[in-house]
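A short worksheet on the structure shown next.
The values are calculated or read from the model by the stated rules, or taken from the named source; none is laboratory data. Only a predicted model underlies this, so the values are computations on that prediction, with no experimental measurement involved. Methodologically, a virtual Cβ is constructed for each residue, glycine included, from the backbone with ideal geometry; neighbour enumeration extends over all protein chains shown. Surface areas here come from the heavy atoms of the whole protein model, side chains and all, with no ligands, DNA or RNA. Shrake-Rupley method; radii C 1.70, N 1.55, O 1.52, S 1.80 Å.
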Amino acid sequence: MQNTNKTENTEQEHPFHYSMFFQRARWLLLGAGMLAASMSGEPITAGAQTVGVSGYALPTIHTQQAYDPFDTYTSRWTRADARQIRARSSLTNPTGGNSLPARLTMPDIPANFPQTNPDVWVWDTWTLIDAQANQFSYNGWEVIFSLTADPNAGYTFDDRHVHARIGFFYRRAGIPASRRPRNGGWIYGGHLFPDGASAKVFGSTTLTQNAEWSGSTRLVKVGDNRVSVFYTALGFNRTDAGANIAPPIAIISKTDGRIHADLTHVWFTGFNNHEGLLQPDGVYYQTGQQNEFYSFRDPFTFEDPAHPGYTFMVFEGNTAGERGAADCTAADLGYRSGDPYAENLNDVLNSGATYQKANIGLAVALNRSLTKWRFLPPIISANCVNDQTERPQIYIKDNKYYLFTISHRTTFAAGMDGPDGVYGFVGNGIRSDFKPMNWGSGLVLGNPTDLNQAAGSDFDPNPLQNPRAFQSYSHYVMPGGLVESFIDTVENRRGGALAPTVQINISGQNTAINLGYGQNGLGGYGDIPANRYNIDVVAFLQDLTSGNGSTPTNPLVALASLGQ
């Protein structure tokens, strides 16, 4: 929700301190806090966080201490932390089974999953949110936004990324999953932006393709229909064979539009003007010149109740510096002094692990219209641990700050291992000495994976690997601990569809899958419910008569329908 105690055109070129309506507001409504018989696997105990596993080093000590967001402190997801994933996994499971702890494993998705829509592949998906990440319906319709590509355009599923467009889907709000079609009942509304609009942020730069990658969509103010989309504009200049002529250009961008709805459908207007907000600086965040395979994407904006007057953004980045530079430190390894199972720093530097240097970045808005931003130091790094910490989000529960992100098995550094899935960290503020969750490992929810077998990949599977090791990806944690994602590969069947929603219960430093949710832990496909509603009566009456294909309706009957 936007502040209303200053005029809309009030701008300042430095962080502002005007008062907010949110006093101690928690921006995520969470239910299902009971950690009881409905959950699978090992019981959650505080002791499980501190007792080590024989033969493995102890995790790094993390205090969860909060620092000022403008401080220079960056927490570390260390090698000592990440090795706890392997320490807590089974060494004796049958080949092709699941070696992960049961309570951290996503249930098996059936191989006969439905397609969300036959006309588009669907992957990264997000919702219409406010500054506290509440999910809103609009005038009786739930709305989601997804990366989409055309499955009939002649390119493969794995080539979809350079063709990605943000699309939108809608469905009637308030209908339980049991009464919806099996595929979730989402109606495809088309591309969100006008053709060619997102390419404007690149100016006259020579490109062979441009794509729209993930971000977040903000409802500007409850009670009206203005929305702001923060996303990643990607520009490519490639040969016909797909090699880079120049490094890809990633620009975190913003565009504004309006949502509309009548009794039959949802549509959008605007999004003609796109503004580039941030490009990596080479100081905190690696550039394409430093590494043509750099990551810089996935903006998620929010307001922090502990720092009213500021709007922050988290995003995926890589630690600045030349690709492969041997500059990981003992702090990145994170071993306790004298630990007999600690790795030697030189061995790590010589292992190839220096090519993996993910971080999660932080920026602050400098004006109220959220068109000017300033980089802050990263809030967490994963140097010599992993190369991708995608789609980060801040989630507040019980006055704790949870930093959730997603990563791949194939992006872990040499000597590290973990499944595709959700990773989480907990602290006392948005800049904290974050403690990796679940025994200090960071793993929150993984696809069923046999860590005793080579990874393979979604497009080239290892026949000895669990056939669902790449079943779902791009998870997003929603209010109530619900988690949505998309289907990648199940038993060699490629997806491009919304996965079943699952639920994790979150308690302090621990999580567990709730097997009492849905059927044996799997909810409905694409079950992405709003937990708030936005009614815009004036716009609704205007939309009824706007000529967008709806049948004219008695205004009183139409207004009554909003409450249904």
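Values as computed for the structure displayed
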read-out: Whole-angstrom gap from the stretch 139-194 to the stretch 402-466, using each part's C-alpha centre; value: 27
read-out: Rounded if a/c under 1.5, otherwise prolate or oblate - the stretch 232-330, Cα gyration tensor axes; value: oblate
read-out: Charge dipole of the chain about the Cα centre (unit charges at C-beta), most positive-ward option of Ser485, Gly185, Phe312; value: Gly185
read-out: The chain - percent of accessible surface contributed by carbon and sulfur, probe 1.4 Å; value: 51
read-out: Cα gyration tensor, the stretch 334-450 - rounded (a/c under 1.5), prolate or oblate; value: prolate
read-out: Cα→Cβ-extended label distance, 7 Å offset, between Val537 and Ser178, nm; value: 3.5
read-out: Potential extension, His265-Ser204 segment - 0.36 nm per residue separation minus Cα distance; value: 18.3 nm
read-out: Separation of alpha-carbon centers, the stretch 348-367 and the stretch 487-522, rounded to whole Å; value: 28
read-out: Nearest-0.05 FRET efficiency for Ile61 and Asp240, computed from C-beta distance (R0 45 Å); value: 0.30
read-out: Too-long pairs where the Cα-Cα distance tops 25 Å, listed order kept, from Lys200/Lys221; Lys200/Lys372; Lys221/Lys397; Lys372/Lys397; Lys221/Lys372; Lys254/Lys400; value: Lys200/Lys221; Lys372/Lys397; Lys254/Lys400
read-out: Per residue accessible area of the stretch 190-325, 1.4 Å probe, in Å²; value: 36
read-out: Low-density loop cleavage sites - chymotrypsin sites (Phe, Trp or Tyr not before Pro) in the stretch 141-198, where at most 16 other Cβ are within 10 Å (DSSP); value: Tyr155
read-out: Which of Trp213, Gly235, Pro248, positive extreme of dipole for the stretch 205-259 (C-beta unit charges); value: Trp213
read-out: For the stretch 93-212: relative contact order, % (alpha-carbon pairs under 8 angstrom, 6 or more apart); value: 22
read-out: FRET efficiency, Arg493 to Leu464 (Cβ-Cβ, R0 25 Å, nearest 0.05); value: 0.85
read-out: Identified option (computed Rg and Dmax of the Cα atoms in Å; candidates (1) 22.8, 71; (2) 50.5, 169; (3) 22.8, 77); value: (3)
read-out: Efficiency of FRET between Ala325 and Tyr73 - r from beta-carbon atoms, R0 25 angstrom, step 0.05; value: 0.65
read-out: Relative contact order of the stretch 386-463, defined on C-alpha pairs under 8 angstrom at six or more residues apart (%); value: 23
read-out: The chain, relative contact order in percent, only Cα pairs under 8 angstrom and at least six apart counted; value: 23
